[in-house]
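Below: the structure, in C-alpha cells.
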Amino acid sequence: WLSFGSFWSGIKMVALNPATGKRSDTTVRSIAGRNGGAIEAPVIVRHGNYYYLWVSFDRCCQGAASTYRVMVGRSTSITGPYVDRNGVAMTSGGGTQVLAGHGSIHGPGHQAVFTDTDAEVLAYHYYANNGASLLGINLLGYDTAGWPFVY
C-alpha cells in the first residue's frame, strides 16, 4: 500500500503489487480529509490490532509562526475507515492530536514512526523560537484505550 497526501484534497491510498512495486489496480481510496483544510504527510503503522494513520494538520514552513501538528486515527483495516478517539472519521476531519506546538517547540510535524529495540519512536521536524528548523524525537506510549502519546 502507498499512502500520500495532497495538502488540500486529503490523504489517498493505492494498492501496490508486492512483486513489482507498481500499482495493482486503478482504485484510489480516500482515507482522510478536512473539507479543504490542510492535511499531509501520512504514515501508516500497525500496533497491536490497529493500523494507525499519522498525519500533519495545518501549516508548515513558516518558522516560529508554523501551526503544524501531529494527528492520528486508527482502524482495524489498513484501508480504513480511520477514526479518532471520539469516533469521528478522518474522512470527515477527525484526528486525535498527539503533538502540537508548546513552549519553544513550534509547528511539529511531517512525522515518521518506527520501532526501535525498546519502544516506538516519533521523529518530526519543528521550529525553534528563532525560526531554525530542528529534528524532534520522542518515544511513543499507548494508553489503556490504545491511543498513542509522546513522552
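The values are calculated or read from the model by the stated rules, or taken from the named source; none is laboratory data. Everything quoted here is computed from the prediction, not taken from an experiment. Neighbour counts are summed over all protein chains in view; Cβ atoms, including those assigned to glycine, are modelled from backbone coordinates with ideal geometry. Just so you know, the surface numbers come from the protein's heavy atoms only, side chains and all, with ligands and any DNA or RNA stripped out. Shrake-Rupley method; radii C 1.70, N 1.55, O 1.52, S 1.80 Å.
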Next on the checklist: What whole-number volume per residue, in cubic angstrom, does the convex hull of the C-alpha atoms of the chain give?
Outcome noted: 125
Checklist entry - Size of the dipole of the chain about the Cα centre, Lys and Arg at +1 and Asp and Glu at -1 on the beta carbon, nothing else charged, in debye to 20? => result 440
Checklist outcome for this item: Simple spin-label estimate for S6/Y151, 7 Å along Cα→Cβ, in nm, reads 4.0
Item to check | For H102, solvent-accessible area (1.4 Å; no DNA, RNA or ligand), Å² | outcome: 100
Item to check | Accessible surface ranking that places the most exposed of D84, D58 first, with a 1.4 angstrom probe | outcome: D58, D84
Item to check | Portion, in percent, of the accessible area of the stretch 49-138 that falls on carbon or sulfur, probe 1.4 Å | outcome: 49
Checklist outcome for this item: For S104, S75, the accessible-area ranking with a 1.4 Å probe, largest leading, is S104, S75
Next on the checklist: For the chain, what does the relative contact order come out to in percent, with C-alpha contacts under 8 Å and a separation of six or more?
Outcome noted: 16
Checklist entry - Which whole-number value in Å² is the accessible area per residue of the chain, probe 1.4 Å? => result 50
Item to check | Distance in nm between pseudo-label sites at L16 and N130 (7 Å out along the Cβ direction from Cα) | outcome: 3.9
